[in-house]
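Values quoted throughout were computed directly from the atomic coordinates according to the rules given, and no laboratory measurement underlies them. Values in this document were obtained by computation on a predicted structure and should not be read as measured data. Cβ: placed from backbone, ideal geometry, glycine included. Neighbour counts: every protein chain shown.
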Amino acid sequence: MRRRLIRYVGASMVVGGLLAFVPASVLAADAPAKITVNLFQAVLIGLGYYLAQGPWLFGMGFFTLYRPLVAGFVVGLILGDPAKGTLIGAAINLIYLGFISAGGSIPGDPALAGWVGTTLALAGGLDYAQALALAVPIGLLGTVIWNFRMTGTALVIHYMDRKAEEGNLGEVARANWLYSQVYLFVLTFVPVFLAANFGTQFVVDIINALPIWVLNGLAVAGGMLAAIGIAMNMRFIFRGAVIPYFFLGYTLVVASNRSISIVVIGVVGLVLAYLHVYFVGTRDRGSAAAVTSATQAAAREGM
């Protein structure tokens, strides 16, 4: 409960700042120059997406490389422009602020949107709002990869069950760390490599053939998608005692004429979260202890 409250307080501060900071700093920025993707760079991008989905790096792939912001930075680093890659990844990340994966289903794939979306946006010279509109269908395609992954690994699990009944523990271990990972590598690396190596020029040709009003429409749609991502996150923020922190973050950015960094807003949010939990949490624990004591006393009297 403490950790959840700390996350909500910090997120409310950051989201409040984003509402005042992002439109002027990201979505209104100039379009990046077009970048050519070679074979080696496509291999690195495909490998990065696999690591984002795999269990390697001590499991940190899901918490780092899976996020479009980090993916955008790494793709930009691979393609020689980490600053613009980070900005594109940050713009794509706005869509997934309220991302939740419940059970075995996902509404979209932030990692695929980040890795492939940033690559295509840099290669096509798209601005950040247009990159958002491009990243959404790419993220939805990630659900196809996810479903194939779940189906294939289910077959591996049945194979492991048979080998476990036979007492072949070595084959059970190999199926766990080798066979399933080879399948995941093919399922994730191959499509992203192909998209990065062969798909970029195809996307660039389509973009060059589009009329200006279509590109403007993509920019408008991209701005709406960012607002939807922020709104989804606000649904959780506006359910508890952290609502004032949202407006505090927004006010700090507006009052400083956007001179305060989002990082500073996040640090302030974490400090306030700690104070909130320290004072309010202590009171809640005291109330809970009193209720527990009263319940136990009533139970003893009833006995």
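Miscellaneous remarks
- Approximating the spin labels as points 7 Å out from Cα along Cα→Cβ, the L141-to-F62 distance works out to 2.5 nm.
- Proxy reagent accessibility, fewest Cβ within 10 Å first, across F198, F193, F62: F198, F62, F193
- Stokes-Einstein diffusion coefficient of region 31-209, Kirkwood radius over Cα pairs, 37 °C, 0.692 mPa s, in µm²/s: 196 µm²/s
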